[in-house]
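Notes for the one structure printed next.
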Amino acid sequence: MSVAFDEMTNADGSIRAAYTTLARWLKDVPPDVLDYRRKEAEFIFRRIGITFAVYGDSDAQERLIPFDIIPRILTNGEWGRLSKGLEQRTKALNLYIKDVYSKRDILRAGIVPEDLVYQNPVFRPEMNGQKVPHDLYVHIAGIDVVRVDSETFYVLEDNARTPSGVSYMLENREIMMRLFPELFAENRVAPVENYTDELLATLKSLAPTTATSDPVVVVLTPGIFNSAYYEHSFLADKLGVELVEGRDLFVRNDVVYMRTTEGPRRVDVIYRRLDDDFLDPLAFRPDSSLGVPGLMSAYNAGNVTLTNAVGTGVADDKAVYSYMPEIIRFYLGEEPLLKNVPTWRCREADHLSYVLDHLNELVVKEVHGSGGYGMLIGPRADKAQIELFRAKLKQDPTNFIAQPTLALSTCPTFVEEGIAPRHVDLRPFVLTGSDRTRIVPGGLTRVALQEGSLVVNSSQGGGTKDTWVLEES
Amino acid sequence: MLSRTADNLYWLARYMERADCLARILDVTQRLAQLPAAYGGSTNEWRSALLTAGCAELFKQVHGDDATEQNVISFLAFAPENPSSIRNCFEIARTNARSVRTALTIEMWETINSAWLELKRYSTKSMTREELARFLSFVKETSLRFDGAAYRTMLRNDAFWFSRVGMYVERADNTARILDVKYHVLLPDSEHVGGPLDYFQWTSILRSVSALTSFHWVYRESVKPWLVADLLILNAQMPRSLTSCYQNITRYLDDIAAYYGRQGSAQRLARSTLTRLGNSRIDDVFQTGLHEYIDDFVVENNRLGSTVAEQYLL
């Protein structure tokens with residue numbers, strides 16, 4: 001693999017502009033001070049209970065995501081280009097989903113193959129011809145991007161269902177400001193703490209027309225055993241709205257109410273952190289005890305807004321991903337501002353044969369996979385793993401896509417041996433309201449703590465960093 | 001406020017209070033068990049600790065009649081099969097706290113969470129007397145910190161009031177139980193009332209509710225059963241007395257009612273219990289029977305608990 005682009009240090013050893021003060025500081029600060037601050041950060045995280053659960057690991061009911069104390073830095077110019085691209089992409093995602101559930105122009109134009117929609121397990125026939133408030137579907141998007149050189153960002157994945165991680169973006173900044181006030185004095189870092197205000201404004205703007213001028217917003221969580229429960233309660237707290245479980249809500253005459261100590265109270269906007277499948281046992285999985293019976297009929301009657309809308313999964317699997325450049329051109333008549341990673345769709349015969357011939361160079365992913373599970377990283381795999389995937393591919397090619405292994409950029413990271421480069425990605429959060437689009441400058445930087453590793457997922461030992469966007473000074 | 005949130009806050013406070021009460025029971029029991037038999041020390045103490053804690057039946061299912069010091073301590077403090085062991089109280093309190101993180105202040109959450117983390121350091125098997133003492137003071141300190149954190153940092157709204165109501169309903173229940181069990185189980189028939197055995201047992205009751213010094217301040221005479229009962233049932237100065245608990249319950253239920261603009265059966269029930277306490281004289285209580293009086297109270301107190309639940313928490 002080629003040498004990765006390092007975001008702090010150029011190949012000739014010089015320091016990139018954004019990192020000037022940080023590099024100087026890192027050079028001067030004694031390692032034991034860094035170590036001490038790292039432990040302090042961990043202690044704070046543990047005490048306030050910022051944990052996540054890993055499914056299928058009983059010892060890890062509540063685990064901390066490792067936090068790296070060295071920030072990742074973007075310049076204002078870099079961020080400006082990135083955020084324009086994110087806005088464009090989210091706009092196209094919304095238009096695509098609306099089209100898929102109404103006129104289907106894009107299918108008729110032959111740009112996206114029909115079976116990719118109709119055969120898709122997350123396609124929701126219930127949403128056909130269904131009007132949603134303000135014609136918007138993806139109100140909160142997490143678009144994963146990676147960087148390969150000083151100019152180029154690639155979108156790695158669109159998360160259009162219930163993307164998580166924003167609480168880490170906010171808590172990481174909080175901790176950094178507590179531990180390293182001197183760094184913030186020297187760098188003009190754009191704030192992110194207004195995210196929850198922006199989120200609340202977005203959610204309120206999406207209220208159905210039947211709501212009062214001050215709509216009631218709630219966050220719907222599957223409960224304390226969900227891996228992202230901490231985030232759900234964190235967000236409800238910062239939004240100043242109720243954190244509800246399914247059993248706290250009920251539907252009467254197609255209106256959603258919550259049970260309160262003062263009797264039933266009408267609910268207008270539900271920021272749900274529950275998958276489609278579990279939302280309403282009458283409409284979807286009948287065995288779901290997490291949802292609210294009748295919720296879909298209230299939704300269909302236009303009496304409640306669900307964010308994100310039901311059925312957005314049709315836009316974010318990895319097969320649809322490969323069509324995103326065409327989707328952007330089709331709806332917006334613009335060239336995509338952010339690149340897509342070149343993708344081979346194994347469903348197409350010529351792509352499949354190329355992939356089978358180059359398994360040792362490619363990353364193969366399941367179309368509906370997430371969390372870094374069920375993927376093959378060709379250059380790192382042994383023979384047995386490659387043969388296993390060869391068999392899987394032949395058996396069910398439509399279930400897979402393949403991409404070249406990208407040389408993800410690296411950032412200086414504080415690890416056992418000291419400060420060393422580690423691969424990172426970035427998940428910015430895009431909020432789409434009926435009034436406008438809002439993106440706070442930054443996002444969640446995830447870092448693969450193992451040397452050389454490209455897997456940044458927290459369920460597989462990835463960590464996080466604070467992400468700085470520098471204002472012009 | 002969500003009914004479930006109110007319910008969680010109410011039970012969170014109850015379990016924190018219960019853990020504190022259990023720690024006090026164990027503390028006093030150990031103290032009494034060390035006394036020579038002539039002064040009231042006997043192995044019987046450990047059995048009575050189970051009765052006071054209301055766990056005698058369950059203990060029997062697990063350990064039979066084997067109420068040894070080791071068994072009782074581990075059952076009341078750590079046993080997973082005892083739903084009201086101190087460990088379980090903390091576990092349940094923390095689970096409740098996690099579900100209502102948004103309704104707690106950071107100080108309250110940190111108290112519960114760090115207690116829960118700390119709890120893992122104590123194991124039941126190899127605990128010396130000294131370690132047990134440390135453990136018990138850790139439990140009592142946790143309750144104090146939690147209570148103090150709630151009092152100092154919570155907004156004075158329904159979240160605060162529901163958790164206070166929970167705390168005082170639990171506290172009233174605990175005080176009533178402690179009184180009842182000591183009076184009826186401990187005193188052997190042959191023992192002369194007012195003898196040394198009696199004296200130490202009544203003193204132990206006062207110790208278990210941290211009221212020995214208060215007793216001397218209030219009555220300025222030696223410990224007598226009816227005065228202990230007066231202090232713990234009727235004396236409004238005593239923060240654990242039934243009267244004091246019901247003054248608080250009534251007050252916080254009234255705060256809730258005023259906030260919501262509606263009185264209900266919980267308020268009426270609390271007021272009538274408080275009135276009954278106010279009209280009682282300790283002589284009459286002893287004449288009709290302390291046990292009967294307390295029994296009636298425990299039933300009333302439970303009824304209040306379910307009325308609050310029906311009115312607000314379901």
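General remarks:
- Within segment A:14-32, being modelled with pLDDT of 90 or more, out of contact with any strand residue (DSSP E or B) (no Cβ under 8 Å at 6 or more places or on another chain) and not basic (K, R) holds for A:S14, A:T20, A:T21, A:W25, A:D28.
- Failed item in (1) surrounded by 14 or more Cβ atoms within 10 Å (Cβ to Cβ); (2) at pLDDT below 95; (3) not acidic (D, E), with B:Q267 passing the rest: (2)
- All positions within segment A:389-407 that are in contact (Cβ under 8 Å) with a residue 12 or more places away in the chain and farther than 24 Å from A:V146 by Cα: A:F389, A:R390, A:L393, A:K394, A:P397, A:T398
- Apart from one condition, A:R285 fits all of (1) within 14 Å of chain B (Cβ to nearest Cβ); (2) of a type in the set (K, R); (3) without any contact (Cβ under 8 Å) to a residue 40 or more places away in the chain; the exception is (1).
- Looking only at residues of segment A:307-331 that are of a type in the set (D, E, K, R) and assigned to a helix (DSSP H, G or I), we find that the one that is farthest from A:F123 (Cα to Cα) is A:R329.
- Residue ID - nearest to the other protein chains (Cβ to nearest Cβ), chosen from residues in segment B:224-283 that are assigned to a helix (DSSP H, G or I) and of a type in the set (D, E, K, R): B:D255
- Here A:N253 fulfils each of the conditions (1) more than 8 Å from every other protein chain (Cβ to nearest Cβ); (2) surrounded by fewer than 19 Cβ atoms within 10 Å (Cβ to Cβ); (3) within 28 Å of A:N194 (Cβ to Cβ) apart from (3).
- Any hit, segment B:24-46, residues being modelled with pLDDT of 80 or more, hydroxyl-bearing (S, T, Y) and in contact with a strand residue (DSSP E or B) (Cβ under 7 Å, 6 or more places away or on another chain): no
Conditions tested, residue by residue: (1) surrounded by fewer than 16 Cβ atoms within 10 Å (Cβ to Cβ); (2) free of Cβ contacts under 8 Å to residues at least 24 places away in the same chain; (3) charged (D, E, K, R); (4) in contact with a helix residue (DSSP H, G or I) (Cβ under 6 Å, 6 or more places away or on another chain).
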| site | (1), (2), (3), (4) |
| --- | --- |
| B:A77 | no, no, no, yes |
| B:R101 | no, yes, yes, yes |
| B:R121 | yes, yes, yes, no |
| B:L136 | no, no, no, yes |
| B:V139 | no, no, no, yes |
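- Every residue from segment B:253-264 that is of a type in the set (A, V, I, L, M) and surrounded by 15 or more Cβ atoms within 10 Å (Cβ to Cβ): B:L253, B:I256, B:A257
- Evaluating A:A236 against the criteria (1) farther than 24 Å from B:Y259 by Cβ; (2) touching a residue at least 12 places away in the same chain (Cβ under 8 Å); (3) in a helix (DSSP H, G or I) leaves one unmet condition, (1).
- One residue alone among B:T275, B:T213, B:T250 is buried (at least 16 other Cβ atoms within 10 Å of the Cβ) and either of a type in the set (S, T, N, Q) or more than 22 Å from the chain's Cα centre (by Cα) (or both), and that residue is B:T250.
The values are calculated or read from the model by the stated rules, or taken from the named source; none is laboratory data. It should be emphasised that the depicted structure is a prediction, and the values quoted were computed from it without experimental measurement. All Cβ positions, even for glycine, are placed from backbone atoms using ideal geometry, and neighbour counts span all protein chains on display.
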